[in-house]
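Below is one structure, written out as structure tokens, with a few remarks after it.
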Amino acid sequence: MSWMEKRDEMHGQLRKLNKAIPEVTKAFAGVSAVVKTDGVLDVKTKELIAVAIAVADSCEPCMNFHIEVLIRAGGTREELGEALGMAVQMGGGPALMYAAKAMDAYDELHEALAPKAAAGKPADVNGVA
């Protein structure tokens with residue numbers, strides 16, 4: 001399955017979950033909206049941190065989700081590489097394996113999503129339309 005197919009599957013699963021437990025997902029979306037604003041750290045930096053945590057925790061759907069938001073926030077492959085280096089340093093061998101997946105996901109998703117981001121399509125804070 002490609003990273004775009006995994007992304008689409010994840011979005012579909014989240015929509016189903018939103019219908020099943022709307023109060024919980026609405027509360028979680030509220031937390032996401034609060035933390036995904038520019039503050040001392042900009043959104044791009046926060047998404048780099050989120051991808052690194054997802055890699056260190058071996059959460060492939062989290063990694064895919066946050067790479068999509070990172071791309072929409074203007075994150076580069078080089079910036080992701082540095083964040084992945086920190087994830088590997090913190091997470092060892094398992095993080096190294098997920099870092100390789102994250103870079104692969106970035107390459108595929110960037111090719112598919114960057115033209116839309118450049119066209120000015122706004123990023124959904126929660127990544128689900």
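Structure above, values below:
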{"read-out": "Those helices (runs of 4 or more DSSP H) lying entirely in the range 1-73 with at least 2 residues touching a residue at least 12 places away in the same chain (Cβ under 8 Å) and more than 16 Å from the chain's Cα centre (by Cα)", "value": "3-20"}
{"read-out": "Residue among LYS46, LYS19 that is of a type in the set (D, E, K, R), at negative phi and surrounded by 14 or more Cβ atoms within 10 Å (Cβ to Cβ)", "value": "LYS46"}
{"read-out": "Sole exception among (1) closer than 19 Å to TRP3 by Cα; (2) at pLDDT 95 or above for TYR98, by number", "value": "(2)"}
{"read-out": "Number of positions in the range 25-78 that are of a type in the set (S, T, N, Q) and touching a Leu at 6+ places or on another chain (Cβ under 8 Å)", "value": "2"}
{"read-out": "The range 49-74 - residue that is of a type outside the set (A, V, I, L, M, F, W, C) and more than 17 Å from HIS110 (Cβ to Cβ) and, of those, surrounded by the most Cβ atoms within 10 Å (Cβ to Cβ)", "value": "GLU60"}
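The values are calculated or read from the model by the stated rules, or taken from the named source; none is laboratory data. No experiment lies behind these values; they were computed from the predicted model shown. Using ideal geometry, Cβ is built from the backbone for each residue, glycine included, and neighbour counts are taken over all protein chains shown.
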